[in-house]
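We did not get these values from a lab; they are worked out from the coordinates using the rules stated. Only a predicted model underlies this, so the values are computations on that prediction, with no experimental measurement involved. Don't worry about glycine lacking a Cβ; one is built from the backbone with ideal geometry, like all the others, and counts go over all protein chains shown.
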Amino acid sequence: MSDPLSEVIQLLRPRAVFAKEISGRGRWAVRYAEFGLPGFCAMTEGQCRLAVDGEAPVVLEKGDFVLLPATPAFTLSSIDPGPPVHVDPNAAAAGEGATRYGRTEGAPDMRQFGGYFSFAAADPGLLVSLLPRM
């Protein structure tokens, strides 16, 4: 038996537009401006902190999945964050290869797969309004 959230997502018919590996080591923080397109991340290793504007910050751990139906501004950081570096989401999406935050030497403390997608549904606005903000 499927749940209502899965049914709404199926009706939206998401299509990946951009995705890549994102990792971090040490103290780091990045601040993304509002992007407007649906975004996601799937944690594959370690932990990080996600602070979406208007929502309480959450700690993400291996196995967590986040769906942002209309990606607002947010800060992604290590659990003990450093000063945030501002990132233009359009420029980040244009980049190729993996992204690394914090210290570049050594194995990462955190690894996730993240990106954005589009909806193939004819009029996704109504269905998106049924989804939680995060």
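The protection proxy used here, the mean number of other Cβ atoms lying within 10 Å of each residue, ranks peptides 48-55, 60-67 as follows, highest first: 48-55, 60-67. Stretched out straight at 0.36 nm per residue, the stretch from R15 to T99 would grow longer than its current Cα-Cα span by 28.1 nm.
Annotation: amide H of M110 within the under-5 Å range of G24, sequence separation 5 or more or interchain, hydrogens built in the peptide plane. Dividing the convex hull volume of the alpha carbon atoms of region 16-116 by its residue count gives 91 Å³ per residue.
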